[in-house]
Amino acid sequence: MPESSRPSLDEIAVVFAHLADRVAAERARTLDPIVRLSMGRALIELKRHIPGLYTPPDVGAAAALASASADALRRGKLRAGLARALRGLSFAPHHPELHYLAASATLQLGAAEEAVRLLQHALWIHPGYEPARRDLEALSAFHEDAPTGAGAAGDPDGGQAPASRFEMADEDRQGDLWRDEDLEGWEHGETEFPPDDESDNRAA
């Protein structure tokens, strides 16, 4: 892809806003595959923009949404927590705490590979960010201790080489996954967060 056609940081922020809308609107037990692929693609493109060279659109809004996301996760509201973290990233795409919170929600929604990528990205932004480092080490240890071989309990991919599941995806592996049609029909504007009741956390 020519450098001139790479998405700007503002365009990546818009994608995070669209992802927040989509996550908040759904009620499935797991994340939509398009959401998972789009998050991975957004992280690849985001890494082309060096932290500190860009003034975030609204640091205050990002901080408020980080608090709201953390509160939702404490109460077990996984989709609300993820939607608020993604909305926060639309205001500050290089905010390590928001990547960490998104990873926490994503992991609990069954998307371990995307959670690892989010944790890795939080540490890329802020290598000293201890919560992300601690969780990434815990996930790595759990993965190393997990049963291997075909039919391993709880592992639908039993028998595959385990290392590949937690690698940071690169552009060649992702391919052209972030297409315009992936975003077609997504709502724009402010996220309508799901109500804080049991219906938004059927996976918990």
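Coordinate-derived values only; no laboratory data. On a predicted model such as this, the values are computed, not experimentally measured, just so you know. Reconstructed Cβ throughout: ideal geometry from the backbone, glycine too, with neighbour counts over all protein chains shown.
What nm value, rounded to one decimal, do you get for the distance between ILE50 and ALA28 when each label is placed 7 Å out toward the C-beta?
Taking the simple label geometry, ILE50 and ALA28 are separated by 3.9 nm.
Return the whole-Å distance between the Cα centroid of the stretch 67-117 and the Cα centroid of the stretch 13-49.
11 Å
Output needed for the stretch 1-108: three equivalent-ellipsoid semi-axes, defined as square roots of 5 times the C-alpha gyration tensor eigenvalues, in descending order, whole Å. Don't skip to the end; give the middle numbers.
Numbers: eigenvalues 102, 55, 21 Å².
For the stretch 1-108, the ellipsoid semi-axes come out as 23, 17, 10 Å.
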